[in-house]
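The values are calculated or read from the model by the stated rules, or taken from the named source; none is laboratory data. Computed from a predicted structure; not experimentally measured. Here the Cβ positions follow ideal geometry from the backbone for every residue, glycine too, while neighbour counts run over all protein chains shown. Side chains are part of the model used for accessible areas, which takes the heavy atoms of the whole protein and leaves out ligands, DNA and RNA. Shrake-Rupley method; radii C 1.70, N 1.55, O 1.52, S 1.80 Å.
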Amino acid sequence: MARSSRKSLNLLAAILIFGCKNSIPFGATVSNPDSSKTDGTLAADVAFTVFPAARRTLWAPGIATGIPERRKVCAMVDASTYGNGRDDASAGIQATLNACPLGQVVQLSAGPFLINNNFLLINRGITLRGAGGGITVLRRTNGAHPNQYTCEVCDPVIIVGPNRWPVPNNSTSQNLTTDGVKGAYSVTVANGSGFAAGQFVMLDEDNYLTGSWTSLPNRGGQPTTATIWATDRAVWQRHNPSDPADDPFPDALDWFSRSGRPINEVKEVASVNGNTITFTTPLHISYRVSHTAQLTRYTQNDVHVRNAGIENLTVTGGADGNIRFECAADSWMKNVENTLWLGSAVGIDNSFRVEVRGSYIHDGAWPQPGGGGYAIGLSFGSSEILIEDNIVMQANKVMVSLSAGAGSVVGYNYMDDAHILSAPLWQEVGINASHMVGSHHVLFEGNESFNYDADNTHGSAIYHTVFRNHLSGFRRDYVDDPVSGNARAGGLGFGAWW
């Protein structure tokens, strides 16, 4: 098929599957009785009714008051102090970050900074700001290298968070005593004594121990007696009899969530009244006593960092991502060029209301399947994340959501050229909130992408909304194999429900 014909068909598919550009607000009912219309409006009686309540949520992600415009500079760091990239600058910059008062800016000069000895840890509410992308460059030279999946030092360049690997404290988990209702702002737990206003907590439920072997639809067009492990919400990549594509169990249960609890969200505590915990934002899905729903605290050295930002610089060479938000809240990266990395260029774990805005993320070191070449990765319950107004190109998958994403929005981005280094004719994943079981309630609006995808490589994703995007079905710089190139405007794997 000619490229132009394929383009037209894929554009038509995008319109039919994901909606036309004429805006019809969610919740509206529209009818047009005039069958003689020729101006492109509806020509017959058609009613558009609201999505079922289970599919909707309050999408109000990112920093509630917007990214702050900080003007007070606590210290200037000049590249010439470190030989303009010759000498390692990580210790000096870290000392400056540690000394900077809350709400102020560490300003880096133009020029290159070598960040080899240690990653930079922003564990307080301050801003690290450069002179501009491509002008101020933080470079790790002992990490990622083009077309290689090995690293001498497998660390990122910058972490925003309390430490390298913060996690919720499982010893603090409290069972919910009644179901947490979708849309509600509070839950009731068995013992609320450890909770306090201002904390960030993990709300989740079990979807593994509460599962069972479930019948599959026809495989290859034929009935099958094979079954898969699933609950009413989560479909794991585990078959009976076993399948070569299955994940390793029980190891896979805690890859990106608390064990067996991939349906989850991070919440901020607004107040505590006895055993009733009230949050600043509503529950995006219900959490059920029948599925051992629990609320878990982050404690001691794993408490969230708030109001930290990265702005106006280039970061390159990280070998567990370039920038990681680990237990970060109300934090951001803005006007950042992020290039040449292993892992996820931007990794967002255990975090709440992080913004990735106005940035250029491109050219991963190893664009192969297996986790080494993602551009943006959400995981471990990260919620209400805003990814807006970015350009994302030349990665294996431009984004994934791994047991995370509740209430998040991916809006007005250009995402293109996802590929496999060893098989460039195979079209990879575009805008996406899947790749590990449990992701739910992410909104995609106003994006330009070659496809939307909901894969089932490691289980299902549910309750996502794809609204008013332009999905072309082809990539800018790669020709898809017309027979087996996997070209599509939209893709849904088994278990991608609602």
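Select, from 384, 388, the only residue that is crowded, with 24+ Cβ neighbours inside 10 Å, under 15 Å from the mean Cα position of the chain (by Cα) and closer than 19 Å to residue 447 by Cα. Break it down into steps so the answer makes sense when it comes.
Working: 388 fails: crowded, with 24+ Cβ neighbours inside 10 Å.
The match here is 384.
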## Note on the structure
The correct count of residues that are within 16 Å of residue 397 (Cβ to Cβ) and either touching a Pro at 6+ places or on another chain (Cβ under 8 Å) or not small (Gly, Ala, Ser) (or both) in region 340-370 is 15
### Summary
In the set 99, 75, 79, the lone residue that is touching a Phe, Trp or Tyr at 6+ places or on another chain (Cβ under 7 Å) and farther than 17 Å from residue 331 by Cα is 79
### Task
Quick one: which strands (runs of 3 or more DSSP E) lie wholly within region 152-237 and hold at least 1 residues that are closer than 24 Å to residue 260 by Cα and under 21 Å from the mean Cα position of the chain (by Cα)?
200-205
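Results for (1) part of a strand (DSSP E or B); (2) surrounded by fewer than 20 Cβ atoms within 10 Å (Cβ to Cβ), shown as yes or no for each residue.
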site: 401; (1), (2): yes, no
site: 405; (1), (2): no, no
site: 415; (1), (2): yes, no
site: 453; (1), (2): yes, no
site: 457; (1), (2): no, yes
site: 476; (1), (2): no, yes
site: 481; (1), (2): no, yes
site: 485; (1), (2): no, yes
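Residues in region 413-423: is at least one closer than 26 Å to residue 308 by Cβ and touching a strand residue (DSSP E or B) at 6+ places or on another chain (Cβ under 8 Å)? Working first, answer last.
Taking region 413-423 and keeping what is closer than 26 Å to residue 308 by Cβ, we get 413, 415.
In the following step, the residues that additionally are touching a strand residue (DSSP E or B) at 6+ places or on another chain (Cβ under 8 Å) were identified as 413, 415.
Yes - at least one qualifying residue is present in region 413-423.
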### Task
Could you give me the residue pairs with C-beta distances under 7 Å whose first residue belongs to region 326-355 and is basic (Lys, Arg), whose second residue is open to solvent by 10 Å² or more (accessible area, probe 1.4 Å) wherever it lies, and which are 6+ apart or on separate chains?
334/67; 334/357; 334/358; 353/61; 353/63; 353/330
### Complete set of residues in region 74-83 that are within 18 Å of residue 99 (Cα to Cα), free of Cβ contacts under 8 Å to residues at least 40 places away in the same chain and open to solvent by less than 70 Å² (accessible area, probe 1.4 Å)
75, 77
### Query
Quick one: is residue 225 among the β-branched types (Val, Ile, Thr) and touching a Ser or Thr at 6+ places or on another chain (Cβ under 7 Å)?
no
